[in-house]
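The next block holds one structure in the form of structure tokens; read it before the comments.
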Ligand code: AMP
């Protein structure tokens, strides 16, 4: 069975074509700058990386280009070989706690959730519409970033604002990176050999979040109503005192939109260091003695440790600490700092092993460590494809 996994942004479309028999990625690629000048498609096929530069006016044309290319490269003889499509969608509000078959009602519900994620849901819906246009008879499944966190208890997800704001606008913590946290925590449970477990998943990329996974379920996560909350990120501030917003309005004369821009695009590691949002640049600058790069890295590590501590207490212990995404998979210094001084709770990092691990699955705690520490490369596309396969199979079973 061949499943096409799609992740659309406002001007981009990322895809993977996965043969589920063996879970092999047959082709993957990225269409960029859709609808603007300089649009292109970069893709991997048969071990080679290739690039096509041409005008791509909209997402439907992007999908058409992907399939033309797959046919030219003889990866597919016809679009009809695609059995199902899995779509990554950022926000499903309180509507969906798992992946679902996409129907008109689902698209309408996701459209309503655009209120929560105005930058993400509309392009995700564009991607669904484009695929429906090109493959009208192929079943499609929506996999939501927020869904995994729908198991959080109310005392964990509610904000201490007037309750009417929750009733009127569903103002609450939703959490994001759910597909990644679900994937790596599943792998961690397999490595631990048990589902009854206390796991903290640290998805540390340009966007970053921590998730407390108790017995396979998310019970708390660091991102909030939006992906701006929680940890310090590449360009996002994470948690700040909310009363700063009216203060900034007054002292700097900024509008809500300008403050939003500052908090999402000019803050975080970039804002504090004044150098870069990329940890590689920051660590180079730190080793050259740059004071603000040092401060930004120390702030990041400290905030991360506080979340790990809080979630360990919330779960009443910890079996495994997992690192994933760009920083979590590659940056041994961040992993070292996060694990430093945790021997009191039975966490012993294998310092040498940690140094050697980059982008591969590995246990980086010492054998005697009660708390296991894992590096688990995330694979959201595979998770989307697995959900899609499961849903499509269950529909076929009902029809049979
Ligand atoms: P992601 O959003 O998961 O793609 O992660 C991107 C971020 O990972 C980059 O901005 C870097 O900060 C970080 N990163 C990627 N590779 C490395 C590396 N080798 N060492 C340190 N940080 C890295």
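The numbers here are math on the coordinates, done by the rules we state, and not lab data. Being a predicted model, the structure only gives us computed values, none of them experimental. Neighbour counts run over all protein chains shown; Cβ positions are idealised from the backbone, glycine included.
For the reader, a short list of remarks on this structure follows.
- Computed packing ranks the peptides 211-223, 139-151 as 139-151, 211-223, most packed first, by mean other Cβ atoms within 10 Å.
- The overall shape of the chain, judged from the alpha-carbon gyration tensor, is rounded, with an a/c ratio under 1.5.
- On the basis of the beta-carbon distance and an R0 of 25 Å, residue 72 and residue 129 show a calculated FRET efficiency of 0.50.
- Three-way shape label, the stretch 38-89, alpha-carbon gyration tensor, a/c 1.5: oblate
- Centroid-to-centroid separation of the stretch 124-142 and the stretch 367-400 [C-alpha atoms, Å]: 22
- Computed extension gain for residue 192 through residue 165, at 0.36 nm per residue and net of the alpha carbon distance, reaches 5.6 nm.
- Rounded to the nearest 500, the 222 nm mean residue ellipticity of the chain from helices alone is -12000 deg cm²/dmol, with -39,500 (n - 2.57) taken per DSSP H run of at least 4 residues.
- Averaging Cα coordinates gives a centre for the stretch 151-215 and one for the stretch 307-354; these two points are 17 Å apart.
- Centre separation in Å (Cα based) which lies between the stretch 1-63 and the stretch 227-286: 31
- Chain lengthening between residue 280 and residue 314 when straightened (0.36 nm per residue, less Cα-Cα): 9.0 nm
- Over the stretch 38-138: Rg over Rh, Cα atoms, Kirkwood Rh: 1.01
- Packing-based ranking, highest mean first, of 250-259, 375-384, 351-360 given that Cβ atoms within 10 Å are counted: 375-384, 351-360, 250-259
- Normalised by the number of residues in the stretch 309-400, the average gap of Cα pairs under 8 Å and 6 or more apart makes the relative contact order 28 percent.
- Ordering of 46-59, 331-344, 71-84 by packing [mean C-beta count within 10 Å, highest first]: 331-344, 71-84, 46-59
- Label zone at residue 105, where the point sits 7 Å out along the Cα-to-Cβ direction: the stretch 359-400 residues whose backbone N lies under 12 Å: none
- Under the shape rule built on the C-alpha gyration tensor, where the axes satisfy a ≥ b ≥ c, the stretch 224-271 is prolate, since a/c reaches at least 1.5 and a/b is greater than b/c.
- Our summary gives the chain a relative contact order of 14 percent, counting only alpha carbon pairs under 8 angstrom and 6 or more residues apart.
- By DSSP, the beta bridges lying fully in the chain are antiparallel in about 70 percent of cases.
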